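Trainee: First the structure, which I've put down as structure tokens, then a few questions once you've had a look.
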Amino acid sequence: MGIRRFGAMATYALALATGVGGCYTKNDHIREPLIQKPLMTESPKQNPVPINSERAGKKCYYQVATPGQPFDYALWQGKRSCAESTCAPPQPTTLKTNQEVIDFEKRANAVRPKFKKLPNSEKELSAFINQAQKDNRITRAKKGDRTIYDAIQREIDSARPEQTVHIVFGFTPAVEGQTAFFNELLHKGKDGYKINGITHIAEEMTNSAQAKVDRYLFTGDIKLMIPLESRRWEGFDHSPMASDAEVKERSRTFEIAQTECIDMVMPDIPQESRGSMDFYYLLGAREEYAAEWVGMRLNPGTRNVVFWRWGASHAEKNRLPFYIKIQDPDAKVVSVVLNGGSYVDAYAFDRVLRGLGWLDDTFILKLEEGDRDAKYIFHIPTNGRERMWGISTIEDPVISHIFDSPAKK
């Protein structure tokens, strides 16, 4: 486990040093080097079906049954070996102890980029935001315009045709409205716009749910879907419960994906595989595992565009984006933190916005390349929704909690 992951880190270090990323085979389950033409699903009983086609008749490409193959044959396009009921590969090897994570992180730190955090002093942060405005790094959005769509679409369209694109969205748990915003990106909703080219959504849910989600994607039978409900995370009793409206929007993400032919991946570590790790160590183990599991699900020979729906603490550049780059140094990874509608008295960023009179504005703040927190902050105002009040118990975050590598503890 440690040797092959260390080899991937060495490839990442080369990409950082030279500016050139390379496609590689990490293990038997990770995709082979990209080929020049779309991969075809093979079946002796019917003509091949190109992957990633928008529709096959009225169905998504992965909803076309292939005689003699399991129902999820088209959902696992990488190197695979289909059993009688599934083509899903074996799960990645899991980091299970604090020490395993520490050892892994020590090697990761050798190639981990050096970033700076946003200032948490309100005076310094206010000066930072004012300077960003002078530098034209703040773009305001008006209701019904394409400002946010265009910013995301440019990131996708500017990638090379064969390059995988990951957009990592960082959500504040339970905040009503952020998932509704995410859902509007996936299809032509109320404003009539959508992001083009999305192939996958990675949800922060354990992959023990993957088989049920695959069945739902294949059949459209909502009864096969896993029921979603509001819950508190163990050890985080201060966090609010999600409203009924927010839980409904979470369910709508799956429904929209099924309609729009977007594959969905549940890449978090199964509960039974988490061992007895402390919180800080489990965070890194989960992110490394998720990056590997999503890599298994990608389609060779075509551009993959993955939208990650994860907590904001995972989205900063030294967390999930870093682990994705270890898995695929050639990938383009863009991190976006969603802000607004939450703990205005706990987040320094929101306190500054309140002082500036910007809490009810919608805008994009593009951070500098050396900033650790994200590439973009999308501020989405509450707009009449109930604001989630509360006080953080972990330091004084700027826009989200930032956790250092366990190896530095």
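The values are calculated or read from the model by the stated rules, or taken from the named source; none is laboratory data. Everything numeric here is computed off the predicted structure, so don't read it as measured data. Note: ideal-geometry Cβ built from the backbone for every residue, glycine included; neighbour counts use all protein chains shown.
Trainee: Say whether the condition of being at pLDDT 90 or above and either among the β-branched types (Val, Ile, Thr) or over 25 Å from Ser342 (Cβ atoms) (or both) is met by at least one residue in the stretch 237-248.
Mentor: no
Residue-by-condition table, conditions (1) among the charged types (D, E, K, R); (2) surrounded by fewer than 18 Cβ atoms within 10 Å (Cβ to Cβ):
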residue: Val168; (1), (2): no, no
residue: Thr172; (1), (2): no, no
residue: Glu176; (1), (2): yes, no
residue: Leu186; (1), (2): no, no
residue: Lys194; (1), (2): yes, yes
residue: Ile198; (1), (2): no, no
residue: Lys212; (1), (2): yes, yes
residue: Thr219; (1), (2): no, yes
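Trainee: Go through the stretch 71-90 and give me each residue that's at pLDDT 85 or above, of a type outside the set (Val, Ile, Thr) and touching an Asp or Glu at 6+ places or on another chain (Cβ under 7 Å).
Mentor: Asp72, Leu75, Cys87, Ala88
Trainee: Now, a different point. For the stretch 282-290, check the following and say yes or no: at least one residue is within 22 Å of Gly370 (Cα to Cα), in a helix (DSSP H, G or I) and in contact (Cβ under 8 Å) with a residue 24 or more places away in the chain. Can you show your working first?
Mentor: First pass over the stretch 282-290, keeping only residues within 22 Å of Gly370 (Cα to Cα): 284, 287.
So of that shortlist, the ones also in a helix (DSSP H, G or I) come out as 284, 287.
Next, only the ones that are in contact (Cβ under 8 Å) with a residue 24 or more places away in the chain stay: 284, 287.
There is at least one residue in the stretch 282-290 that is within 22 Å of Gly370 (Cα to Cα), in a helix (DSSP H, G or I) and in contact (Cβ under 8 Å) with a residue 24 or more places away in the chain.
Trainee: List the residue pairs whose Cβ atoms are under 7 Å apart, where the first residue sits in the stretch 221-232 and is at pLDDT below 75, the second is assigned to a loop (DSSP other than H, G, I, E, B), and the two are 6 or more positions apart or on different chains.
Mentor: Ser230/Met241; Ser230/Ala242; Arg232/Ser239; Arg232/Met241
Trainee: Could you look through the stretch 169-196, keep only residues that are of a type in the set (Asp, Glu) and in contact with a helix residue (DSSP H, G or I) (Cβ under 7 Å, 6 or more places away or on another chain), and pick out the one that is farthest from Leu338 (Cα to Cα)? I'd like the intermediate steps shown before the answer.
Mentor: Taking the stretch 169-196 as the starting set, the residues that turn out to be of a type in the set (Asp, Glu) are 176, 184, 191.
Okay, now just the ones that are also in contact with a helix residue (DSSP H, G or I) (Cβ under 7 Å, 6 or more places away or on another chain), so 176, 191.
Working: Glu176: 12, Asp191: 19 Å.
Ranking the qualifying residues of the stretch 169-196, first place goes to Asp191.
Trainee: Can you find even one residue in the stretch 103-114 that is among the small types (Gly, Ala, Ser) and at pLDDT 85 or above? Please lay out each step first, then the result.
Mentor: In the first step, residues of the stretch 103-114 are kept if they are among the small types (Gly, Ala, Ser); the result is 108, 110.
If we keep only those that are at pLDDT 85 or above too, we end up with 108, 110.
Checked against the condition, which is being among the small types (Gly, Ala, Ser) and at pLDDT 85 or above, the stretch 103-114 yields at least one hit.
Trainee: Please go through the stretch 262-286 and give me each residue that is out of contact with any strand residue (DSSP E or B) (no Cβ under 8 Å at 6 or more places or on another chain) and either at pLDDT 95 or above or surrounded by 23 or more Cβ atoms within 10 Å (Cβ to Cβ) (or both), ordered by number. If you could, list the steps in order and put the result at the bottom.
Mentor: First pass over the stretch 262-286, keeping only residues out of contact with any strand residue (DSSP E or B) (no Cβ under 8 Å at 6 or more places or on another chain): 272-285.
Tyr281, Gly284, Ala285, listed by residue number.
Trainee: Pull up the stretch 58-83, narrow it to residues that are among the aromatic types (Phe, Trp, Tyr) and surrounded by fewer than 21 Cβ atoms within 10 Å (Cβ to Cβ), then point me to the one that is nearest to Asn304 (Cα to Cα). Steps first, answer last, please.
Mentor: We begin by selecting, within the stretch 58-83, every residue among the aromatic types (Phe, Trp, Tyr); these are 61-62, 71, 73, 76.
Now restrict to residues that are surrounded by fewer than 21 Cβ atoms within 10 Å (Cβ to Cβ): 61, 71.
Details: Tyr61: 14, Phe71: 21 Å.
Looking at the filtered set, the residue picked out is Tyr61.
Trainee: So, one more: Among the residues of the stretch 84-96, which ones are loosely packed, with under 14 Cβ neighbours inside 10 Å and either within 17 Å of Ala291 (Cβ to Cβ) or β-branched (Val, Ile, Thr) (or both)?
Mentor: Here is the first cut: in the stretch 84-96, the residues loosely packed, with under 14 Cβ neighbours inside 10 Å are 84-85, 90.
Across the stretch 84-96, the qualifying residue is only Pro90.
Trainee: Could you list all residues from the stretch 357-381 that are over 17 Å from Ala141 (Cα atoms) and in contact with a helix residue (DSSP H, G or I) (Cβ under 7 Å, 6 or more places away or on another chain)?
Mentor: Matches in the stretch 357-381: Ala374 only.
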